[in-house]
Amino acid sequence: MSGVMGNNQDVDIDLGRLFSAVWERRKLVAGIVVVSAGVALLATTMMTPLYKGETRLLIESRSANLSNGPAPAAANDPILDALNISSQAELLRSTDLIRQVAADLRLEETDEFNPHRQSFLPSPFVLLGLQQDPLDIPPEDRLIKEFREKLQVFAVENSRVIAVEFSSEDPRLAAAVPNQIAKVYLQLQSGAKLDNNSDVTRWLEPEIATLTERVREAEAKVAEYRSSAGLFQSSDTSSFTAQQLNNISTELARVRAERANAEARAENVRAAVEAGRNSDSLAEVVGSQVVQRLRETEANVQAQIADQSTVLLENHPRLKGLRAQLAGIRQQIVGETRKILASLDSEAEVSRIRERQLIQQLNELKAASSKAGEEEVGLRALEREATAQRQLLETYLARYREAASRADPNAAPADARVISSAFEPSEAYFPKVLPIVIIVALASLILTAIAIMVGALFSGRALRPTGEANALSANEPVTVVRERAPATEAGVSVDPVDAAAAAAFVSANEEPATVSAASPLQDEAFSTVGVANTLLRHGVPCAFAMSPGGDTGSTATVMLAREVAERGKSVILLDLSSSGCPSKLMAENMRLPGITDLLCGETAFGDAIHSDRLSDAHIIPRGAADVESAMRASDRLRIIIDALIDAYDLVLVECGTAKVSSLEKLGGRPEMEIVLSMPEGQDHQVVELVQQLTDAGYRNLLIMAGGVPSRRRAA
């Protein structure tokens, strides 16, 4: 934190001096703390102690379970809704409930709720007219108001629990009131349920009698219509005709499947016989016992033929006989196969006959069913009416039985229960003597310390100039020559008699020199960093840089601009040098429009401003227009510089090797800050320039010397 004192010098708060100011007055601080703690202790001991009792109720859906089964789930019960919990809390604060609790506990007879017994002296607030006299309020309203002030009802967060707290000067009353509130609340809830059940039973009795007669008439109409139309039922869900249709349809599907199976088997056998294929692959043929015996005989004969062929000739009678026997057996197998085919055809034909019979029966039943369907339309209408009346009657009967069973008070519990009863407190909750005394003591300590620190700040004892820290942070030896003139804050000047002293000081680059006490000079070491610190600390808006050494000094000015930009300040360098060195170092190229183009009116103001290629600084380069033409409009330089001062924290005008007599033409004024970039080995030239500036009236001079950066570093 920094401030500005009366001499416009930037200052910082010295925390060490602040704490020292408090430590110097430690006895005063300790005395105030002790007195404050004593007053707090006395005040708390004189206060009337207050006791607090708390009762907690759990809001839940409660009803008598009369079915001996599990209780129904109540997750979506509206009683457990968050809004309903809040509503129940408001009910616990209702006036009717408070009035009944006050009557049950006879609170109007207690000293705490009777203003006639509380004090013989009127309240000072009443005397001043700031508070209404309690005796002017009706007794009942006064009791309810006092009761509400001591009562606190709130829903416990993220739960279905409601807490009822009551504070009182009497510990017994602090416990009795919340317990009585809970008791009355449960009675009111249970009574509301009983009243509701009574109303339900009174309304249901005549309705049940009427519905009973309607159900009897509707069921009689259904029975009469069914008998007259012959609509008999085989079960509760289907009629006799429908049951027959279902059975015949099932049988028809089975017969069709059998017929298709038989036809497929017969076709398979027929195809094999007609093609002359071996019948061993047919399941119907292989399964025949006759065919199996013939196949066994065929195998034996083939075995004999094979055995005899080894010893007998082909035309031997024995072999001929065996071959004739084998041919006969095979003829028998073919004949048996044809018999099996005929059997399969007969089986398929029987299935077809049975199918035709079933289709005929099904068509007859369809006709009968169509007629019965038309008659059942009227029957279903009568049944719906009877069913509706019966369901409504059963619903009313169930509601009536339930309501009648809950007519007893024990069968209608309130939708809440006490989970924590209030007990008589043994310790007052207010006042807490020790915490109050500690808080008052700490508060007095903090406030007293703050008051002392504020006094030290206003007196200036806890402030120090910012330059104390900045001068110590400079890393390179530099020189500034400043004189405190009577009429100005800190002007820079060099008297003619001290020019030699200044030159001797400037030549000492490594260590800051000291001028004799007779000299009006005040010297400090400044480098590029130091000059930046000084310009920013004093809030210099514009500085003219003169470089007697030419481009070397101009390079230092470029480094000064970049140093200021690194501090986060907006800075712009106006290149008025004859060599254009800053433009070469900072601009992208020398063809960019600059100050000469701006003075000649060949470019806009914003187009003449460019960014430094190596930092956040800005530059107005020399430009490409004719210099002589531009200098004819040099009177516009002051206007341009003033506009830049309004837009930037610091404006650096690099004049290069310009003469002192040309400063005014370049926009310089005596109150402006002049920065002399001092090259090494030219001390005498710098002294002469300082003398000329002093004679011309320029009193704010900064000499930037020692550690001047090289051109390579600036690039």
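Observations
- Relative packing of peptides 259-269, 87-97, 560-570 - highest average C-beta neighbours within 10 Å first: 560-570, 259-269, 87-97
- For the range 305-364, alpha-carbon Rg over 2.2 N^0.38 Å: 2.30
- Annotation for residue 114 and residue 605: the two label points, set 7 Å from Cα along the Cα-Cβ direction, are 8.8 nm apart.
- Sites residue 447 and residue 613, calculated FRET efficiency, Cβ-Cβ separation with R0 45 Å, nearest 0.05: 0.20
- For the peptides 540-548, 302-310, 321-329, the ranking by mean Cβ contacts within 10 Å, running from highest to lowest, is 540-548, 321-329, 302-310.
- Close amide-amide hydrogen proximity is noted between residue 658 and 547, each under 5 Å apart and 5 or more residues distant or on a separate chain (H modeled in the peptide plane; Pro and chain starts excluded).
- Separation of the range 168-217 from the range 564-606 is 93 Å, based on Cα centroids.
- When Rg and Dmax are taken over the Cα atoms of the range 584-676, they come to 13.0, 34 Å.
- 15 Å cut-off, amide nitrogen to a point 7 angstrom out along residue 665 Cα→Cβ, residues in the range 540-576: 576
- Lysines whose Cα lies under 17 Å from that of residue 432, excluding same-chain neighbours fewer than 8 positions away: 52
- Förster-model FRET efficiency, 41 Å R0, residue 314 and residue 292, C-beta, rounded to 0.05: 0.85
- For residue 170 and residue 58, the FRET efficiency from 1/(1 + (r/R0)^6), where r spans their Cβ atoms and R0 equals 25 Å, is about 0.35.
All of the numbers you see were taken from the coordinates with simple rules; none came from a lab. All values reported here derive from a predicted model rather than from experimental measurement. Because the Cβ atoms are built from the backbone with ideal geometry, glycine has one as well, and the counts that use them run over all protein chains shown.
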